[in-house]
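Working notes, beginning with the structure itself.
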Amino acid sequence: MTYPSFLWLIALPLVTAPLVYLAGRLGKRIGQRVLAQGAAIASLLAAWMPFILASVELRIYGPHSFAAEAISLRLDGMGLLLAGLSLGLGTLVVLFSGSYMANEAGEEKYYAMLVAMIGVMIGLGCTGDLFNLWIWFEAMAVSSYLLVAFYRDQPASLEAGIKYLVQSAAGSVLVLLGIGLVLSQTGTLDLMEILTIAETSPLMLAAGALFLIGFGVKTALVPLHTWLPDAHAQAPSGISAMLSGVVIEAGMIAMLRSLLALTGVESLWGPLLMGFGALNMLAGNLLAFGQKQVKRMLAYSSLVHIGYMLVGLGITFYAGESGGAQGGLFHMLNHGLMKGMAFLAAGTLLYALHLSLGDHKPLLIADLAGAAKRYPIAALTLSLAVLGLGGLPPLAGFMSKWQIFVAGFETHNAWIGALVAFAALNSVFSLAYYAPLVNAVYRLEPSESVLSGKPLSGLMKVPLIVLGLATVAIGIWPALLDWLTVPAGATVLVGLGG
Amino acid sequence: MNPTTLKLCLMAVLSLVGIGLYGLMICRNLIKMVIVLQILVKAAALGLILAGQMSSQINLGQSLGITVIVADTIVAVVGMALAVQVQRRLGTLDVDALSSLRG
């Protein structure tokens, strides 16, 4: 029996995560603290090989499955996109975490959980069975609870961890009840089979609603978002980048997969997704506006970007054209890169100004005044990231938003046209809180905390530079990522029976 | 399974979900909160077994139920671990003591 290469892609991080932990313990004993980080980097770099093979296989053979007993895996465009995003951002976060996490108790657990979480998210994208989907989802949740509450001696981190755990666990129970309803009505858990069997009935409709709410907690649909700003702001900055850049997107992929299986049941999903998208954009913008803490502001802006993605996906659910989903998934990638860069840049500054001096104060926008004079690279990448998130051309964020807007206008539906115009207005409005940040960093006189900050290590700047170059490159040549976004958009269409 | 038993099981699932959601709203103690979450999970496990029975695949239903219990025990353990840390740092298990993060 031959194993497809995407199986290795999932298995490598999962198998090596305990080894990373052991390497870290060994490193502590022999006084080589870098061993944990080194093992984590080696593990993720090794996973790039099967990723490249899997993407070639997907291009040649198309989507293919693997099944062993109750485990059902299937590689398609959407799975590859999530794998690429989590592996790419994950590798950079591990690189970044070197000096950020040095001297923290339990550093080896951090790397081990991070590597395991990346493996689990790749698995989540590649599942072909509803119950397997829940298992991956729950495993991702458990690993992220521990990472959010990593600073266990800080009451604020514990508070964020508990809020996140309770809301997320309640959501996952709702998903399970939905799975029960689907099983009782169709007699199967295979996503493809459900799609062909499922018929309209009140119970199936309820199942869809349970999936929307249950996965919606993790995706941070307003009003189920209340855990998000706390968790994103309190986690170590590398984890904030992963949570905002990949974990909520993984929740969205899970929601998408379950709803795609139920498209035969109801045509309401498209308008529902678009409605939640509009709500997310509005609420996220209003909440982000007026935030004084940098990481909280970035966390709220994630709500807005989830909104854009939902609008794009909703357009495809409604109109059956691949443009919207392709744009939405492209925005998912871009948001991962830009928000990852924003959190990592904010993290370097937080580290330099507060953490390295031993205090766990939040990073305020006022603290960043004049930061460009002492920390030019961190300031430049932070500004690039927020301007890209605000949708300024020629950065990556502009291109994916543009694709969503074009797809919306092509439906020639007045309501969708109005929604897209609303999204564009929101995009402009978001500059109202991004621009003051750039202004503070570049135009104000250095604040006291900037003057008393520690210098940055070279390795921390590498991920920032890589992400910054990627954001500019994708903005100028958006076709650079077509090999990921086109098959992913096609997956949504296949699910819709188009 | 006769229809009465089926209905009884369905009632049990629904009332466990009701108790769980109500408890989640009124509980202010972290340990109780973890227990309430477990009640919800048990409702879901029973629901899955019932779904297996209704689609005449009781074996599948039961194995799903057991898997759910195993998976969610891990969540309970993590929840308890966080509760222990809260008790150590703050000296209380009251959720209202954890309200520094706002806005």
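Calculated FRET efficiency, residue A:415 to residue A:289, Cβ-Cβ distance, R0 = 30 Å: about 0.70 to the nearest 0.05. Neighbouring Cβ atoms from other chains, within 10 Å of the Cβ of residues in A:452-459, number 0 on average.
Whenever you get a sec, compute what percent of the accessible area on chain A sits on carbon and sulfur atoms (1.4 Å probe).
Numbers: 11460 of 16590 Å².
Heavy-atom surface of chain A belonging to carbon and sulfur, 1.4 Å probe: 69 percent.
Look at the alpha carbon pairs under 8 Å that are at least 6 residues apart: their mean separation over the length of region A:267-498 gives a relative contact order of 27 percent. Report, in whole Å, the centroid distance computed from the Cα atoms of region A:390-463 and region A:201-244. Rounded to whole Å, the Cα centres lie 22 Å apart. Counting only Cα atoms, region A:222-364 measures 57, 24, 21 Å along its principal axes, largest extent leading. Screening chain A for whole DSSP H helices of 30 Å or more along their axis (Cα) with average Kyte-Doolittle hydropathy at least -0.5 returns A:5-30, A:34-61, A:77-101, A:155-186, A:294-319, A:322-353, A:414-443.
For region B:7-103, the list of trypsin sites (Lys or Arg not before Pro) that fall in a loop by DSSP and count at most 15 other C-beta atoms within 10 angstrom reads B:28, B:102. Would you compute the Debye intensity of the protein assembly as shown from its alpha-carbon atoms alone, equal scatterers and no solvent, and pass along log10 I(q)/I(0) at q = 0.05, 0.06 Å⁻¹ to two decimals? So the normalised log intensities are -0.20, -0.28. Pairs exceeding a 30 Å alpha-carbon distance, out of A:401/A:454; A:109/A:163; A:218/B:7: A:401/A:454; A:218/B:7. Accessible area per residue was computed with a 1.4 Å probe on protein heavy atoms; residue A:52 scores about 90 Å².
Placing a label point 7 Å from the Cα of residue A:28 along the Cα-to-Cβ line, the residues of region B:58-85 whose backbone N sits under 19 Å from it are B:81-82, B:85. To test your reading of the geometry: what angle, between 0 and 90 degrees and rounded to tens, separates the Cα axis of helix B:30-54 from the longest principal axis of chain B? Approximately 10 degrees, to the nearest ten. Which of the three applies to region A:152-302, rounded, prolate or oblate, going by the alpha-carbon gyration tensor with a ≥ b ≥ c and a/c under 1.5 meaning rounded? It comes out prolate by the Cα gyration axes. Using a 1.4 angstrom probe on protein heavy atoms only, the contact between B and A buries about 3000 square angstrom of accessible area, both sides summed.
The values are calculated or read from the model by the stated rules, or taken from the named source; none is laboratory data. Because the structure is predicted, anything quoted here is derived from the model rather than measured. Neighbour counts are summed over all protein chains in view; Cβ atoms, including those assigned to glycine, are modelled from backbone coordinates with ideal geometry. For accessibility, only protein heavy atoms count, side chains too; no ligands or nucleic acids. Shrake-Rupley method; radii C 1.70, N 1.55, O 1.52, S 1.80 Å.
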